[in-house]
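Report on the following structure.
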Amino acid sequence: QSRSSAASDVYKRQTQSTWGAVQTAYANGSSTRYLKNTLGLQVVCVATGVKHLHEAAKHFDIGLYYEANGHGTVLVSQKALSNLKQALASVDYNKHNYYSKQQSNRLYYQYHYVLEALVQFLELSNQAVGDALSNLLMVEACLRVLNIGVNYWHNLFTDLPSKTSKVVIKDKSKIRTTNDETKVITPQGLQHDIDAVCSTVADSRAFVRPSGTEDVVRLYVEAPKADDVARLTQKLSEAITKNSDLNLSLIHI
């Protein structure tokens, strides 16, 4: 990991490439906090659907996107690859500077090894589609380069308990949301009810969105404890079904 940090410093000094991650509202809040607070990545939330994530990821030079169902990949711009290769060439050209600082060849090989590994790693990505085999190889490469095991990787963060419910509705068009599907625009008052219920449990969140494939809406609830998720789901379902315009019934899935 120290090698990665060293190479990252060189790369950032010599390039202006942007890095970011794209998620949907279904992404667990723990993963979002880890990406933002631990890795320092810019995280963008977009509507559900690979086409939306892919388009948003293209705005970064190196854009990572995955849906909660596993669909996703890493997009790498030609600018980013070119910058990496230039940084690698610069490290090789200035090799004598590392020796003059009496740091032996350790620092040079740190930079060279990780920059070269990054080039090879990013060229492994299948940018046309979320290729599961390509993604698996990229994960294996990360574990080997960082010298960490699967258990360590698995425990980098812990998902918060969550639940998705399907709500049957006669006309799903009656519910409209913001572009990232995290807030309800209509019917008026529904978002206020959602916020009021979630305010009773710290670090909880919920959203409602029309399904893209069925004439239903979906309710997602997330909270620190499973009991809180169950209680909030029940309260939110009651708040939704009380809306006289919707005539809803709740089905847990």
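The values are calculated or read from the model by the stated rules, or taken from the named source; none is laboratory data. Being a predicted model, the structure only gives us computed values, none of them experimental. Virtual Cβ from ideal backbone geometry, glycine too; neighbours counted across all protein chains shown. Accessible surface is based on the protein model in full, side chains and every heavy atom, while ligands, DNA and RNA are left aside. Shrake-Rupley method; radii C 1.70, N 1.55, O 1.52, S 1.80 Å.
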Exercise. Once phi is turned into θ = phi - 60°, what whole-Hz ³J(HN,Hα) does the Karplus curve with 6.51, -1.76 and 1.60 give for every residue of region 222-237, x standing for Gly and Pro?
Worked result: 9, 7, x, 10, 4, 4, 5, 4, 4, 5, 5, 4, 5, 5, 5, 5
Problem set entry | Relative contact order [Cα under 8 Å, 6+ residues apart], region 184-232, whole percent | 29
Problem set entry | Mean separation of Cα contacts under 8 Å (6+ apart) over length of region 165-212, as relative contact order % | 37
Problem set entry | Exposure of V168 as accessible area (Å², to 10), given a probe of 1.4 Å and all protein chains | 60
For this session: Give the relative contact order (percent, whole number) for region 162-251; include only Cα pairs under 8 Å separated by 6+ residues.
Result: 39
Problem set entry | Segment E116-K85, length gained on full extension (0.36 nm per residue, minus Cα span) | 10.4 nm
Exercise. What figure in square angstrom, to the nearest 10, would you give for the accessible area of V139 with a 1.4 Å probe?
Worked result: 50
Exercise. Mind checking the log10 I(q)/I(0) for region 142-239 at q = 0.18 Å⁻¹? Debye, one equal scatterer per Cα, no solvent, two decimals.
Worked result: -0.82
Exercise. Cα-Cα pairs above 19 Å in region 126-190: how many percent?
Worked result: 64
Exercise. Once you put a point 7 Å from the Cα of N151 and another 7 Å from the Cα of H71, both along the Cβ direction, what distance in nm separates them?
Worked result: 3.5
Exercise. Can you work out the FRET efficiency for the pair V168 and R144, with r the C-beta to C-beta distance and R0 = 45 Å, to the nearest 0.05?
Worked result: 0.40
For this session: Give the share of C-alpha pairs in each 10 angstrom bin for region 188-242, from 0 to the last occupied bin, in whole percents, shortest bins first.
Result: 25, 54, 20, 1
For this session: Apply 1/(1 + (r/R0)^6) to the Cβ-Cβ distance of T18 and Q78, taking R0 = 22 Å, and write down the FRET efficiency to the nearest 0.05.
Result: 0.95
Problem set entry | Vicinal HN-Hα couplings computed from phi for region 193-198 (Karplus, 6.51 cos²θ - 1.76 cosθ + 1.60; Hz; Gly/Pro x) | 5, 4, 4, 5, 5, 5
